[in-house]
Amino acid sequence: DFLCEDLEIPLQQGGQLQKLKALQEFLVARQRSGQSAVLLIDEAQNLQEAVLEEIRHLLNLTTESKVLLPVILVGQPELERKLALPTLYQLKQRVTIHCQLDRLKERDIAPFIAHRLQAAGSNREDVFTSEAIQRIAIYSQGVPRLINIICDNVLLLGYSISQQTISAEMVEEVS
């Protein structure tokens with residue numbers, strides 16, 4: 001339902017089969033006009049098994065040569081464990097590419113933080129002390145998501161106490 005609504009596909013009264021047919025017709029028309037569509041789902045580890053089964057049905061929408069709606073599932077390591085469940089075997093069979101991001105090496109954490117700060121509009125290179133970055137490396141164990149969470153929390157702390165440079169002690173406080 002949500003997918004058809006988001007794509008503004010007009011639906012007639014009917015059940016799931018009619019919705020899938022309308023979606024397939026929409027995707028075939030896009031393909032004929034040289035366009036394509038992709039379904040990207042972030043935090044996919046939070047999806048219930050029933051929703052993942054519906055996604056498997058979407059992957060059945062094909063032409064002779066290709067899937068009409070490729071699906072990209074992005075999630076935490078729990079997603080891989082969920083896809084390993086026997087009830088989701090058919091979905092896992094349809095996974096064509098599997099990619100897992102490794103932890104950052106300690107030497108890569110400072111450039112990662114600097115890049116994130118620059119992307120957010122900061123031009124300062126002294127927001128975090130080197131000791132603060134070392135503590136972030138220890139507490140995050142190099143996991144980018146955890147680095148972001150720690151940095152967000154400690155930057156919020158710095159803002160709340162009007163501190164423009166983040167110290168190791170501040171990282172300790174939020175970790």
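The values are calculated or read from the model by the stated rules, or taken from the named source; none is laboratory data. Keep in mind that this is a model prediction, so the values were computed, not measured. Positions of Cβ are generated from backbone atoms using ideal geometry, with glycine treated the same way; all protein chains shown enter the neighbour counts. Areas reflect the complete protein model, heavy atoms only, side chains present, ligands, DNA and RNA absent. Shrake-Rupley method; radii C 1.70, N 1.55, O 1.52, S 1.80 Å.
Here are the numbers for the structure shown:
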item: Pair list, Cβ < 7 Å and 6+ apart or interchain, from the stretch 7-21 residues that are at pLDDT below 75 to residues that are open to solvent by 70 Å² or more (accessible area, probe 1.4 Å); result: 12/18
item: Hits in the stretch 12-45 - residues which are in a helix (DSSP H, G or I), within 24 Å of the chain's Cα centre (by Cα) and within 19 Å of residue 90 (Cα to Cα); result: 44, 45
item: Qualifying positions in the stretch 20-39 - open to solvent by 60 Å² or more (accessible area, probe 1.4 Å) and aliphatic (A, V, I, L, M); result: 38
item: Count - residues of the stretch 58-69 that are touching a Leu at 6+ places or on another chain (Cβ under 8 Å) and in a loop (DSSP other than H, G, I, E, B); result: 3
item: Yes/no for residue 88 being in a helix (DSSP H, G or I), over 18 Å from the mean Cα position of the chain (by Cα), under 17 Å from residue 5 (Cα atoms) and in contact (Cβ under 8 Å) with a residue 12 or more places away in the chain; result: no
item: Filter pass, residue 80 being among the acidic types (Asp, Glu), open to solvent by 90 Å² or more (accessible area, probe 1.4 Å) and in a helix (DSSP H, G or I); result: no
item: Residue within the stretch 74-81 that is among the hydrophobic types (A, V, I, L, M, F, W, C) and under 26 Å from residue 136 (Cβ atoms) present; result: yes
item: So residue 62, is it open to solvent by 90 Å² or more (accessible area, probe 1.4 Å) and of a type in the set (Ser, Thr, Tyr); result: no
item: Filter result for the condition that a residue is of a type in the set (A, V, I, L, M, F, W, C), open to solvent by less than 40 Å² (accessible area, probe 1.4 Å) and outside any helix (DSSP H, G or I), over 9, 72, 55; result: 9
item: Complete set of residues in the stretch 83-100 that are of a type in the set (Val, Ile, Thr) and either open to solvent by less than 80 Å² (accessible area, probe 1.4 Å) or in contact with a strand residue (DSSP E or B) (Cβ under 8 Å, 6 or more places away or on another chain) (or both); result: 95
item: Restricting the stretch 101-110 to residues that are assigned to a helix (DSSP H, G or I) and open to solvent by 80 Å² or more (accessible area, probe 1.4 Å), the residue that is nearest to residue 149 (Cα to Cα); result: 106
